[in-house]
Amino acid sequence: MGFYDDLTHVERKKQRGSGIGRMVVTSVTSAVIGGMVVLLTLPTLSNAGYINMVKPGTENALSSNASSSNPFVKPVSVSVGSGTVDAVKKVENAIVGVINIGQRRNSWMQNSMDVEQGQGSGVIFEKKGGKAYIVTNYHVIDKAQKLEVALPTGEKVSAKVVGADGYTDLAVLEIDGSKVTDVAEFGDSSTLQVGEPAIAIGNPLGMQFSRTVTQGIISSKERSMPMDINEDGQDDWELDVIQTDAAINPGNSGGALVNIEGQVIGINTLKISKAGVEGLGFALPINDVKMIVDQLMEKGTLERSYLGVQPLDLANVPRYEWKETLNLPDNVNAGVVVQTEVGKFSPAGEAGLRQFDVIVKLDDKNISNSAQLRKYLTMSKKPGDTMDVTYYRDGIQKTAKVKLTAPPQQ
């Protein structure tokens, strides 16, 4: 049985082999016949316009007339133009360098000399009356004895400060406008969408890399960054910012964050620099910038409302004092303590507020810390406005109506 089984197996292999041979012969024959048919029909297909038969010396003529003679041939054109390229072209000549010049004492000559303290970026946003106006960050110009602006041409011109505010980190500069050709267009930061393109333009690491362009997306429309301006361990301000992963480096401060339409939607201001952290850059929303810049242009400073209290974050008060001194209910976990005696004729004093009152709300906005209180008085109120203050005294919630004033002259 085994012998016959083996023979049968061999015979099957022979039969399969014969079948394959027949298939190969048949395929070759079919291919030859098919090729002959195509060759015979080429003139007909060519006359019908389905293919082009190239004669020697007619290659260029064929390529230039292909689209008109043959509906199936589509010319391909490659262009370097894009939304990003167009956006950059629209705004790049309105981006300048800002050079902070200070003085340093020369020990061996016993005199002072001008030295460059730092470089940043700025955006030309207005040109009128022979002058041009630039918005930049306050920290770019801080402690400057002199300021220079490097124009897109590389030429440097002197600049003066029109207005500045350290809390909002904004400043407006004025230069001679005779050599300014372009002014940036401000967009609307309230319409931003997470994921839309964002283009940063500025001078990272100084003028050596002037008007560098980086691209990313809007990572978040609303972030709040606490700022300890006087470095006393308590936050003084909360900076509302746009988050982007477009590369922002030292020197980009004061430069433009631009949308795909070439409109400025933010002023680049800071990044998080930690080991293992990438792509966390932040810009001031242009709608906030416009409001602040208007005041800086008009008054040179940002108008603030005055309440008349010395605030202390509840979070910085020892926990046992919450009960022992402040007598707060268990459900109160954040607020601002009136730290010192309140002036009798201050807005807070006239409304009846006292030392150790804990403010938890201004109008309908919850207040968790001093930075929020100061920001609300600056951005949402003006001198002469009336404001409701909700606070706790001896465990009881109260409300006082306060009429705000301008800060007293120092």
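Just so it is clear, none of the values below were taken in a lab; they were calculated from the coordinates. Since the structure is predicted, the reported quantities are computational estimates derived from the model, not experimental observations. Ideal geometry is used to build each Cβ from the backbone, glycine not excepted, and the neighbour counts take in all protein chains shown.
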When the convex hull of its Cα atoms is projected in every direction, mean area for region 135-272 (nm²): 8.9 nm²
Karplus 3J(HN,Hα) series, Hz, for region 314-325 with 6.51 cos²θ - 1.76 cosθ + 1.60 (x for Gly, Pro): 4, 4, 8, 8, x, 4, 5, 6, 4, 9, 5, 9
For region 305-311, what does the Karplus curve 6.51 cos²θ - 1.76 cosθ + 1.60, with θ = phi - 60°, yield as ³J(HN,Hα) per residue in whole Hz, taken in order and with x for Gly and Pro? 8, 10, 9, x, 10, 9, x
Region 84-179 shape via C-alpha gyration tensor axes, a/c threshold 1.5: prolate
In whole Hz, with x marking every Gly and Pro, tabulate ³J(HN,Hα) for region 138-144 from phi via Karplus 6.51 cos²θ - 1.76 cosθ + 1.60, θ = phi - 60°. 4, 5, 6, 9, 4, 6, 6
Contact order normalised by length for region 303-345, with contacts defined as Cα pairs under 8 Å and 6 or more residues apart; what percent is it? 55 percent
As straight-line cross-link partners of residue 179, the qualifying aspartates and glutamates (C-alpha separation under 18 Å, not fewer than 8 residues apart within one chain) are 92, 126, 148, 155
Per its Cα gyration tensor (rounded if a/c is under 1.5, else prolate when a/b beats b/c, else oblate), region 251-410 is best filed as oblate
So what is the relative contact order for region 311-404, in percent, with contacts set as C-alpha pairs under 8 Å and at least six apart? 29 percent
Lys, Arg +1 and Asp, Glu -1 on Cβ, resulting dipole of region 311-404 about Cα centre, debye, nearest 20: 300 debye
